[in-house]
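The values are calculated or read from the model by the stated rules, or taken from the named source; none is laboratory data. Keep in mind that this is a model prediction, so the values were computed, not measured. Cβ: placed from backbone, ideal geometry, glycine included. Neighbour counts: every protein chain shown. Side chains are part of the model used for accessible areas, which takes the heavy atoms of the whole protein and leaves out ligands, DNA and RNA. Shrake-Rupley method; radii C 1.70, N 1.55, O 1.52, S 1.80 Å.
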Amino acid sequence: MGVKTDLQPKYGERRTRLPPGPWNLSRAEKREVCNSFYGMKVPEGYSSNIKNLVSLQDSRLLGLKSHDCHTLMQQLLPVAIRSVLEKPARYAITRLCFFFNAICAKTVHVSKLDKLEEDVVVTLCLLEKYFPHSFFDIMVHLVVHLVREVRLCGPVYFRWMYPFERYMKVLKGYVQNRTRPEGCIAERYIAEEAVEFCTQHLSDVSTVGVPSSQKMGFSKPLSGCTVSVVDQDLLNQAHLYVLENTEEVLPYIEQHMIHIKTAYPKFRKRTKWLQDKHNSTFIQWLRFKVQSELEEDNHGVSENLRWLAAGPNMAVPLYRSYLIKGIKFNIKAQDDVRTTQNSGVYLLAQTMQVASAKDKNSILSNMGFYGVIQEIWDLDYQKFTIPVFRCDWIDSSGLVVDELGFTLVDLSKIGHRNDQFVLASQVKQIFFVDDPMHRGWSVVLSMPNREYNDVIGDEVLGDVIIDCEPFTRGMPNVDTFDELVGKLGGQNIRDGCEDIWIE
């Protein structure tokens with residue numbers, strides 16, 4: 001019939017050989033995928049330790065829990081298979097992974113659901129081109145209906161079974177007498193309810209469970225405090241960043257820029273020179289400005305602004321770990337001795353950009369920065385403290401985006417030496433996975449959003465979407481329905497894209 005001639009048996013003199021299908025992995029490719037999983041370090045609370053799930057001897061994944069399967073399917077598998085399989089088959093699997101990651105997000109865009117539903121139909125058709133018919137049972141077909149479930153019932157995380165599975169483990173722990181499990185669970189549950197009620201009438205008593213600091217989104221240091229007298233230039237750099245990101249100081253920044261333009265009229269059109277002059281003189285100018293206003297009656301200077309203008313203490317507490325809004329951040333040296341990775345950060349900031357080194361007409365625009373935390377400072381302003389991260393930011397020459405939308409970074413190319421600090425509350429946690437396709441480069445992946453205040457709508461509420469992240473750029477290699485019909489030779493598609501018949 002001339003169908004899939006590359007998969008026809010190869011007849012030899014002594015034996016008949018069946019060529020491997022596009023979905024088959026050779027022994028070397030299996031070993032490469034397992035090595036990729038084995039070297040992954042993920043943030044704390046993201047999943048199990050992936051290293052413990054890999055058997056390098058058998059080239060297999062063992063002991064995966066349901067949550068580990070979700071994690072691999074949504075984010076890690078597309079990275080692990082980047083250097084194996086044929087390109088069309090690999091893209092089809094990657095498209096399916098992107099789909100599951102999109103519908104499991106905490107924030108769902110209603111306006112994108114129709115496009116998502118079309119994409120998954122095309123994805124299943126692509127899978128049918130490369131995978132055997134025995135693969136396509138009813139479970140694979142039900143993927144088509146998942147988008148309609150999201151449209152009718154809301155985000156997936158409101159309906160999945162993880163909370164109940166976790167609580168079932170708690171109930172199993174109540175069992176001490178295996179011949180009477182129901183009685184053990186009932187008595188232990190009643191006892192804990194009674195103790196919980198009694199603690200409401202006791203002072204200075206906290207109940208067991210998730211710490212209140214994580215539930216309420218507090219910020220606090222966790223471990224490794226050392227007080228050190230830091231370099232004055234670095235301290236001024238951190239202090240300047242705090243000032244420029246404080247709302248009360250913004251009117252003074254505008255006044256200082258006007259002052260510079262008035263004092264140096266020849267440079268009033270050179271934006272970069274004005275910004276450099278502002279950075280080098282603003283701290284001292286603000287200190288004198290606030291002091292002069294404090295000498296006046298009814299000055300209106302707030303207590304916070306007064307201490308901010310005075311500057312931080314030279315003795316800065318340094319921490320190895322810090323908790324910000326329930327998310328744990330570590331310095332790079334702490335991650336090097338641990339099995340988790342909590343030092344990667346992403347910042348979306350407004351910065352001046354130029355086309356080349358000779359370009360004098362810079363423009364302000366939003367730009368994403370990827371970095372690794374080297375130090376955690378807790379700046380002491382006498383009446384309050386402000387945590388900041390000192391990071392090694394990736395230079396623009398070490399940042400590329402591939403055809404699938406993955407962001408690749410070269411962690412050895414460090415830039416932005418004059419602007420290393422960032423407020424701990426401004427960053428989003430990310431992590432880096434070694435790219436199996438390009439040695440020396442790493443793929444950027446992000447932590448799932450843990451906030452529970454997201455709603456379905458056309459706008460993102462309380463969420464930061466990382467630019468160039470594959471899960472926000474749509475599907476790779478998307479064929480339109482007309483192109484797909486031409487490739488497959490004709491098909492009928494019912495309204496709603498619920499079922500497909502290939503003629």
Karplus-derived 3J(HN,Hα) from phi for the range 333-345 (6.51 cos²θ - 1.76 cosθ + 1.60, θ = phi - 60°), whole Hz, x at Gly and Pro, runs 5, 6, 5, 5, 10, 10, 8, 10, 10, 10, 9, x, 9
Around D434, which amide H atoms from residues at least 5 apart in sequence, or from another chain, sit under 5 Å from its own amide H, with H modelled in the peptide plane?
V443
Taking amide H positions as placed 1.01 Å from N in the peptide plane, with prolines and chain starts having none, which residues 5 or more places from L379, or on another chain, fall under 5 Å of its amide H?
I386, V388
With θ taken as phi - 60° and the coefficients 6.51, -1.76 and 1.60, list the Karplus ³J(HN,Hα) couplings across the range 233-250 in order, rounded to whole Hz; mark glycine and proline as x.
5, 5, 5, 5, 5, 5, 5, 5, 5, 5, 5, 6, 10, 10, 5, 5, 8, 4
Which order do E247, E118 take when ranked by solvent-accessible area (1.4 Å probe, heavy atoms of all protein chains), largest first?
E247, E118
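Quote the charge dipole size of the range 1-136 about the Cα centre in Debye, to the nearest 20; the model charges only the Cβ of Lys and Arg (+1) and of Asp and Glu (-1). All intermediate terms of the calculation are to be shown ahead of the outcome.
Working: 20 positive and 13 negative charges, 100 e Å.
My answer is approximately 480 debye.
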Please report the net charge: other residues with Cβ closer than 12 Å to the Cβ of T281, K and R +1, D and E -1.
+2
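For E117, E403, E192, E244, what's the largest-to-smallest order of accessible area, 1.4 Å probe? Each step should come with its number before you reach the end.
Values: E117 25, E403 130, E192 85, E244 60 Å².
Listed by decreasing accessible area, they come as E403, E192, E244, E117.
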Rank these by accessible area, largest first, 1.4 Å probe: E196, E182.
E182, E196
What is the sum of charges, Lys and Arg at +1 and Asp and Glu at -1, for the other residues whose Cβ falls under 11 Å from the Cβ of E44?
+2
SASA check, E44, accessible area w/ 1.4 Å probe, all protein chains in place, rounded to nearest 10 Å², comes out at 80
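Give, as a single signed number, the net charge of other residues whose beta carbon lies under 12 Å from the beta carbon of V337, with Lys and Arg counted +1 and Asp and Glu -1.
Details: positive: K41, R320, K332, R338; negative: D335, D336.
Charge balance in the 12 Å sphere: +2.
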Expected vector for the range 426-435, Karplus 3J(HN,Hα) from phi with 6.51, -1.76, 1.60 and θ = phi - 60°, integer Hz, x for Gly and Pro, equals 9, 9, 10, 6, 10, 8, 10, 10, 4, 7
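Accessible area per residue for the range 224-311 in Å², computed with a 1.4 Å probe and the full protein assembly in place, what is it? Before the final figure, lay out each step's value.
On the way: 5560 Å² over 88 residues.
Per residue, the range 224-311 has an accessible area of 63 Å².
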